[in-house]
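Following: one structure in structure tokens, then a few remarks.
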Amino acid sequence: MKIIAFAGSPSKKSINKKLATYAAGLFENAQVEILDLNDYEMPLFSVDKEIIIGQHLLAKAFLEKIASADLLVISLAENNGNYSAAFKNTVDWCSRINGKIFQEKPMLLMATSPGARGGASVLEIAKNNFPRFSANIKAVFSLPSFDANFDIEANVISNPEFDNQLKEIVRDFQI
């Protein structure tokens, strides 16, 4: 099984990338590829730019990565209650090539944040919006208060309750 995992964040120290990497690593016998949104940085989407540029090569490359996956592990950053601008821009460019961005791939959708809501607002938006782009969301996981519940040194969820919750989700994927 090939897993494509990424964070919906361009931050070089993304806590969502840490969570996505950890979660993807819980799957047994999987080949995991972690994408960095910074590798797919494109100009701010507009129809005017699309006329000049055409279908952006980085958007095509991103869609090819999604196509190569058997499973997607995505952890979304929450910026002011919504997607990061970088993630939304990637979606905008990709949707002009293939409106079925997520290509019906089974998806573990997650978010974390420093706050107690754990990215609840962005998860709610994604749960409602992603199916329009052919997302096959199989499970959703939120990790609240990242700094209190994730050990950055060990790269693990340090709170046993949340760690067991995520591990149970992963087990359910593998049955």
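When the stretch 120-146 is limited to residues that are of a type outside the set (A, V, I, L, M) and in contact (Cβ under 8 Å) with a residue 60 or more places away in the chain, the one that is surrounded by the most Cβ atoms within 10 Å (Cβ to Cβ) turns out to be 141. Evaluate the following for residue 6: is it within 11 Å of the chain's Cα centre (by Cα) and farther than 26 Å from residue 159 by Cα? In short, no. Within the stretch 152-175, can you find the residues that are exposed (fewer than 12 other Cβ atoms within 10 Å of the Cβ) and either of a type in the set (Lys, Arg) or not in a helix (DSSP H, G or I) (or both)? Correct list: 153, 154, 175.
Any residue at all in the stretch 48-60 that's under 12 Å from the mean Cα position of the chain (by Cα), surrounded by fewer than 23 Cβ atoms within 10 Å (Cβ to Cβ) and touching a residue at least 24 places away in the same chain (Cβ under 8 Å)? The answer is no, given that none of the residues of the stretch 48-60 is under 12 Å from the mean Cα position of the chain (by Cα), surrounded by fewer than 23 Cβ atoms within 10 Å (Cβ to Cβ) and touching a residue at least 24 places away in the same chain (Cβ under 8 Å). Restricting attention to the stretch 78-103, the residues that are of a type in the set (S, T, N, Q) and either touching a Lys or Arg at 6+ places or on another chain (Cβ under 6 Å) or within 14 Å of residue 64 (Cα to Cα) (or both) total 4. In the stretch 31-42, the residues that are free of Cβ contacts under 8 Å to residues at least 24 places away in the same chain never reach a residue that is of a type in the set (S, T, N, Q) and not in a strand (DSSP E or B) with C-beta atoms less than 8 angstrom apart, at least six apart or across chains.
Matching residues to (1) more than 24 Å from residue 145 (Cα to Cα); (2) not hydrophobic (A, V, I, L, M, F, W, C):
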residue	(1), (2)
17	no, yes
22	no, yes
38	yes, yes
45	yes, no
49	yes, yes
61	yes, no
86	no, no
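Taking the criterion of being under 17 Å from residue 18 (Cα atoms) and in a helix (DSSP H, G or I), the residues of the stretch 126-151 that qualify are 146, 147, 148, 149. Taken together, the criteria place residue 136 among residues that are in contact with a Lys or Arg (Cβ under 7 Å, 6 or more places away or on another chain), modelled with pLDDT of 95 or more and either under 30 Å from residue 56 (Cα atoms) or not β-branched (Val, Ile, Thr) (or both). Among residues of the stretch 148-175 that are of a type in the set (Ser, Thr, Tyr), those with a Cβ under 9 angstrom from a residue that is at pLDDT 95 or above and in a helix (DSSP H, G or I), sequence gap 6+ or separate chain, pair up as 158/148; 158/149. Among the residues of the stretch 77-86, is there at least one that is assigned to a helix (DSSP H, G or I), closer than 19 Å to residue 13 by Cβ, modelled with pLDDT of 95 or more and of a type outside the set (Lys, Arg)? Yes - at least one qualifying residue is present in the stretch 77-86.
Selection of the stretch 130-164 for residues being of a type in the set (S, T, N, Q), under 19 Å from the mean Cα position of the chain (by Cα) and closer than 12 Å to residue 26 by Cβ yields only 155.
The values are calculated or read from the model by the stated rules, or taken from the named source; none is laboratory data. What you see is a predicted model, and the numbers here were worked out from it, not measured in a lab. In this analysis, Cβ positions are derived from the backbone assuming ideal geometry, glycine residues included, and neighbour counts consider all displayed protein chains.
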